[in-house]
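Here is the structure we will look at.
The values are calculated or read from the model by the stated rules, or taken from the named source; none is laboratory data. From a predicted model like this one, the values you see are computed outputs, not experimental measurements. Don't worry about glycine lacking a Cβ; one is built from the backbone with ideal geometry, like all the others, and counts go over all protein chains shown. Just the protein is used for accessible areas: all its heavy atoms, side chains included, with ligands, DNA and RNA removed. Shrake-Rupley method; radii C 1.70, N 1.55, O 1.52, S 1.80 Å.
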Amino acid sequence: LGLDLEELEEIEEDAGLGNGGLGRLAACFLDSMATLGLAAYGYGIRYEFGIFNQKIVDGWQVEEADDWLRYGNPWEKARPEYMLPVHFYGRVDHTPEGVKWIDTQVVLAMPYDTPVPGYKNNTVNTMRLWSAKAPNDFNLQEFNVGDYIEAVLDRNLAENISRVLYPNDNFFEGKELRLKQEYFVVAATLQDIIRRFKSSKFGCRDPVRTCFETFPDKVAIQLNDTHPALSIPELMRILVDVEKVDWDKAWEITQRTCAYTNHTVLPEALERWPVSMFEKLLPRHLEIIYALNQMHLDRVAALYPGDIDRLRRMSVIEEGDCKRINMAHLCVIGSHAVNGVARIHSDIVKNSVFKDFYELEPEKFQNKTNGITPRRWLLLCNPGLADVIAEKIGEGFITDLSQLKKILDFINNETFIRDVAKVKQENKLKFAAYLEEQYKVKINPSSMFDVQVKRIHEYKRQLLNCLHAITLYNRIRRDPSKSFVPRTIMIGGKAAPGYHMAKMIIKLITSIGEVINNDPYVGDRLKVIFLENYRVSLAEKVIPAADLSQQISTAGTEASGTGNMKFMVNGALTIGTMDGANVEMAEEAGEENLFIFGMRVEDVEALDRQGYNAREYYEHLPELRQAVDQISSGFFSPRDPGCFRDVVNMLMYHDRFKVFADYEAYIQCQGQVDQLFMDPREWTKKVIRNIACSGKFSSDRTITEYAREIWGVEPSATKIPPPNLPRD
């Protein structure tokens with residue numbers, strides 16, 4: 001047709017149906033499950049509007065609706081024949097024949113299927129996303145005699161359920177529409193799972209299967225954070241109220257079926273829904289949760305007689321001015337396995353977040369360190385590097401990333417060193433050209449590409465990065481004739497629309513860039529660029545071009561991180577704290593092959609006990625004081641000198657994430673980065689060591705562990721015969 005495939009790829013919209021790490025992890029998992037030949041489904045919501053598009057206007061973030069379906073979506077297939085009803089509101093009737101949930105409002109869930117192909121194994125799995133549809137009699141029932149037009153317009157109320165993704169990352173906002181979304185995806189998915197279980201041939205011999213004895217042997221439900229936690233009471237409701245299974249038997253089936261993955265330890269991210277909201281929206285589920293909690297607390301009381309405080313700590317219901325349901329506690333009691341997403345995070349889960357639960361049932365708790373799919377994050381986004389590797393060790397690494405170890409044999413091979421460096425330089429030139437074309441910014445392609453891309457959040461400490469940029473700037477200004485290692489500092493990521501501090505951080509980054517990038521004394525030795533509208537398709541361009549990856553969260557706050565792994569496999573070196581999966585990256589590659597700095601979890605805890613005093617650091621570190629004074633005096637915001645007072649006030653008086661405490665170690669560590677960058681051969685050898693040791697961080701390894709240790713299934717490397725060949 002005379003069309004250019006690369007050009008078409010550029011036009012296609014991202015399906016931005018998640019906020020950050022959590023949704024992207026699920027996408028990598030789907031790729032790995034198909035590649036490992038597992039019969040697995042990914043379920044979610046087909047949001048009409050995904051994560052907002054970010055525009056930067058006058059240095060501020062402005063949100064724009066992400067109308068990603070505007071030109072249609074060729075990958076999805078609507079399946080109206082599998083449409084299912086979902087019930088809300090109503091009341092509970094306790095009858096001699098059992099419990100009935102009646103007088104409900106019905107919304108229909110329409111499934112849309114997207115194929116998920118495995119890598120060259122002729123396996124295609126399904127991602128099924130639900131869209132909300134109003135039933136045709138919606139608001140036209142007998143009690144609504146009057147306004148037909150109004151009633152039809154009111155269909156929007158039902159269909160709003162799948163309208164828009166809530167754009168908060170690591171933050172809980174207790175809105176009724178969000179609870180509706182959570183129940184909507186759960187109720188539709190569980191009906192789908194049970195329909196499939198009943199109609200399949202294996203197991204019990206009933207013509208239509210009514211025996212649920214074998215359910216947990218045939219079905220595993222993995223809860224991706226607490227967002228689908230309602231699966232637990234919903235499965236209980238179906239088993240007990242609809243299928244008439246005995247309560248205790250139903251509870252055993254539910255626990256054996258469900259497993260829960262925890263993704264964060266930040267208290268503000270934990271879902272705690274008001275009981276009053278449940279009472280109105282899901283009255284039967286509230287009754288079930290109360291009963292499950294009573295059962296749970298009876299058991300705890302029997303094991304720890306008289307320990308009232310333990311009962312309070314472990315309850316699913318939090319008492320107080322507003323009674324709340326702690327969804328994480330519900331997940332822990334309703335699952336047979338609970339896991340964190342990196343070793344250090346799983347330890348924190350056991351020793352602090354769910355300490356009481358771990359004492360009760362230590363065998364429940366596991367670790368499953370996150371991974372990324374090497375198909376997207378190496379082959380697809382960095383074909384040059386994949387070729388250089390395949391030339392030396394063959395293509396086996398694509399489905400067995402541990403084989404990257406074999407490139408260690410070539411660590412001193414001059415041709416290989418040169419080829420790896422050449423691929424990086426080409427990627428940098430290509431990204432520089434893209435930046436110039438899209439955003440009219442010119443950067444020095446021989447400078448160090450220093451990149452921090454992730455959601456904007458105080459705990460991720462983009463502010464620490466800012467302080468380094470200012471410090472570098474001040475050093476150049478102080479001695480312009482001195483030679484400096486040229487750097488292009490790129491920071492990208494979206495801020496939740498309601499997160500004031502995150503939006504101020506973006507404004508600070510753009511303001512710092514404004515000053516530094518236009519200072520003639522600096523020239524092209526230092527640039528600060530904010531990467532607008534960071535998303536998967538932009539990650540695929542910037543990550544292969546990065547020299548330095550910044551993973552600088554306060555120790556104990558980033559559960560795992562997955563961007564860190566993408567940079568590692570793509571030949572960037574990491575500057576980071578001992579947090580999340582950084583710990584295991586340092587273990588795999590050798591700590592001397594990463595730039596590790598700053599407080600460990602123990603140091604953070606010690607500082608908490610002692611009391612963190614930011615002013616102390618401010619007084620004792622002249623370069624830090626200069627940088628902070630410049631921010632607060634309006635040096636970076638001359639037209640609005642008070643612009644950043646909230647940021648400075650936070651840093652000085654209520655910084656939960658202790659930015660100043662790690663400043664000195666960070667600046668010093670960045671100095672070591674500069675030193676190594678001046679020796680390109682040694683730098684590239686470290687890069688090769690990092691790539692060679694990144695094999696553990698394949699999502700294939702992660703999924704193999706989930707399959708064997710939680711779901712009880714074996715991955716298979718067998719290639720299914722293609723459809724054009726007759727089967728045996």
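Among the conditions (1) farther than 30 Å from residue 579 by Cβ; (2) not assigned by the TED database to the domain that holds residue 554, the only one that residue 361 does not satisfy is (1).
Selection of first residues in the stretch 338-352 that are over 16 Å from residue 710 (Cα atoms) and of second residues that are open to solvent by 50 Å² or more (accessible area, probe 1.4 Å) and modelled with pLDDT of 95 or more, restricted to Cβ pairs under 6 Å at least 6 apart or on distinct chains, gives the following pairs, ordered by first then second residue: 350/358. Of the residues making up the stretch 158-195, those that are farther than 21 Å from residue 232 by Cα, touching a helix residue (DSSP H, G or I) at 6+ places or on another chain (Cβ under 7 Å) and at pLDDT below 95 number 2. For the stretch 84-92, does any single residue satisfy the condition of being over 19 Å from residue 159 (Cα atoms) and not assigned by the TED database to the domain that holds residue 491? Among the residues of the stretch 84-92, at least one is over 19 Å from residue 159 (Cα atoms) and not assigned by the TED database to the domain that holds residue 491, which makes the answer yes. If you go through the stretch 511-533 and keep only what is more than 20 Å from residue 448 (Cβ to Cβ) and buried (at least 22 other Cβ atoms within 10 Å of the Cβ), you end up with just 511.
Does residue 198 meet the test of being under 22 Å from residue 66 (Cβ atoms) and open to solvent by 40 Å² or more (accessible area, probe 1.4 Å)?
Values: under 22 Å from residue 66 (Cβ atoms): no; open to solvent by 40 Å² or more (accessible area, probe 1.4 Å): yes.
So residue 198 does not fit the description; no.
Checking 124, 152 one by one, the residue that is β-branched (Val, Ile, Thr), open to solvent by 30 Å² or more (accessible area, probe 1.4 Å), in contact with a Pro (Cβ under 9 Å, 6 or more places away or on another chain) and not assigned by the TED database to the domain that holds residue 494 is 124 and no other. Picking from residues in the stretch 216-258 that are closer than 20 Å to residue 349 by Cβ and in contact with a His (Cβ under 6 Å, 6 or more places away or on another chain), the one that is surrounded by the fewest Cβ atoms within 10 Å (Cβ to Cβ) is 255.
Looking at the structure I just gave you, is residue 112 within 28 Å of the chain's Cα centre (by Cα) and hydroxyl-bearing (Ser, Thr, Tyr)? When the stated conditions are applied, residue 112 passes them.
Within this structure, residue 69 passes the test of being part of a loop (DSSP other than H, G, I, E, B), modelled with pLDDT of 95 or more and open to solvent by less than 50 Å² (accessible area, probe 1.4 Å).
Quick check on this structure: which one of 333, 344, 348, 325 is surrounded by 18 or more Cβ atoms within 10 Å (Cβ to Cβ), of a type in the set (A, V, I, L, M) and in a strand (DSSP E or B)?
Working: 333 fails: in a strand (DSSP E or B); 344 fails: in a strand (DSSP E or B); 348 fails: in a strand (DSSP E or B).
Result of the check over 333, 344, 348, 325: 325.
Restricting attention to the stretch 269-310, and to residues there that are among the acidic types (Asp, Glu) and over 24 Å from residue 171 (Cα atoms), which single residue is nearest to the chain's Cα centre (by Cα)? The extreme case among them is 287.
When residues in the stretch 127-146 are screened for being at pLDDT 95 or above and open to solvent by 40 Å² or more (accessible area, probe 1.4 Å), 2 of them pass. Every condition in (1) closer than 26 Å to residue 27 by Cβ; (2) open to solvent by 20 Å² or more (accessible area, probe 1.4 Å); (3) touching a helix residue (DSSP H, G or I) at 6+ places or on another chain (Cβ under 6 Å) is met by residue 380 except one, and the failing one is (3).
Condition check: within 19 Å of the chain's Cα centre (by Cα) and either at negative phi or outside the structural domain of residue 276 (by the TED database) (or both). Does residue 14 satisfy that?
Details: within 19 Å of the chain's Cα centre (by Cα): yes; either at negative phi or outside the structural domain of residue 276 (by the TED database) (or both): yes.
So residue 14 fits the description; yes.
Taken together, the residues in the stretch 388-425 that are buried (at least 17 other Cβ atoms within 10 Å of the Cβ), among the β-branched types (Val, Ile, Thr) and in contact (Cβ under 8 Å) with a residue 40 or more places away in the chain amount to 7.
Regarding residue 320, is this residue touching a Cys at 6+ places or on another chain (Cβ under 6 Å) and either farther than 17 Å from residue 235 by Cβ or buried (at least 19 other Cβ atoms within 10 Å of the Cβ) (or both)?
Values: touching a Cys at 6+ places or on another chain (Cβ under 6 Å): no; either farther than 17 Å from residue 235 by Cβ or buried (at least 19 other Cβ atoms within 10 Å of the Cβ) (or both): yes.
In short, no.
Listed residues 508, 538; which is surrounded by fewer than 21 Cβ atoms within 10 Å (Cβ to Cβ) and farther than 29 Å from residue 175 by Cα?
On the way: 508 fails: surrounded by fewer than 21 Cβ atoms within 10 Å (Cβ to Cβ).
Within the list 508, 538, the selection yields 538.
If you take the residues of the stretch 292-317 that are aliphatic (A, V, I, L, M) and in contact (Cβ under 8 Å) with a residue 40 or more places away in the chain, which of them is surrounded by the fewest Cβ atoms within 10 Å (Cβ to Cβ)? Going through the qualifying residues, I end up with 303. Taken together, the residues in the stretch 584-610 that are part of a helix (DSSP H, G or I) and buried (at least 24 other Cβ atoms within 10 Å of the Cβ) amount to 1.
Report yes if some residue within the stretch 24-32 is part of a loop (DSSP other than H, G, I, E, B), open to solvent by less than 30 Å² (accessible area, probe 1.4 Å) and of a type in the set (Gly, Ala, Ser); otherwise report no. Talk me through it step by step, then tell me what you get.
Step one: of the stretch 24-32, the residues part of a loop (DSSP other than H, G, I, E, B) are none.
For the stretch 24-32, residues part of a loop (DSSP other than H, G, I, E, B), open to solvent by less than 30 Å² (accessible area, probe 1.4 Å) and of a type in the set (Gly, Ala, Ser): absent.
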